[in-house]
Amino acid sequence: MTRLLIFATILLSIISYVSAQYVDTLNTPAGPVMQGAKVAVSWTLLAGVDPTGKFGDLSATDMATKNVIDIDPTVPIAPKSYLWEVKVPPGSYALGFNDGSGVKQSGEVVVKAPAAPAGGAPPAG
């Protein structure tokens, strides 16, 4: 019985270490944002945590189709910000950041196509 209790204690310690929570809130970038733009994405940390050397997975969920688009699976958590090069199609999205304990989601982020050049496209030839 004692060995089982020790094993259970060690197992729970490993599980809590592996799934440690660092991120409190994922902030919503001001928008709308344009395809091709570089947009700062930021988050706040839980009090008293040290995420040095830890990484999270940043994604975008299309609010119409619910498709998840991976942005970067190796975002350092400690800097509390990431420069996102917007490559998703135009539409409405919720950004997600998984710190290993589950996904924190932003509010709605509207992505727009870049404006066409003035006068339209130049003639061919």
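Structure above, values below:
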quantity: Residues Asp57, Asp24, Asp70 arranged by fewest to most Cβ contacts within 10 Å; calculated: Asp70, Asp24, Asp57
quantity: Of all DSSP beta bridges in the range 29-112, antiparallel share, percent nearest 5; calculated: 90
quantity: Test item: Cα-centred dipole of the range 29-112, Lys/Arg +1 and Asp/Glu -1 on Cβ, debye; calculated: 160
quantity: Potential lengthening between Thr44 and Lys87 on full extension [0.36 nm per residue; Cα-Cα distance subtracted]; calculated: 13.0 nm
quantity: Exposure proxy order (Cβ contacts within 10 Å, fewest to most) of Ile77, Ile69; calculated: Ile69, Ile77
quantity: Ranking of Thr2, Thr61 by count of other Cβ atoms within 10 Å, fewest first; calculated: Thr2, Thr61
quantity: At R0 = 22 Å, FRET efficiency that the Cβ-Cβ distance of Thr74 and Val110 yields, to 0.05; calculated: 0.25
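Bear in mind these aren't lab numbers, they're just calculated from the coordinates by the rules spelled out. As the structure is a computational prediction, the values presented were derived from the model and not from experiment. Note that each Cβ is placed from the backbone with ideal geometry, even for glycine, and that neighbours are counted across all protein chains shown.
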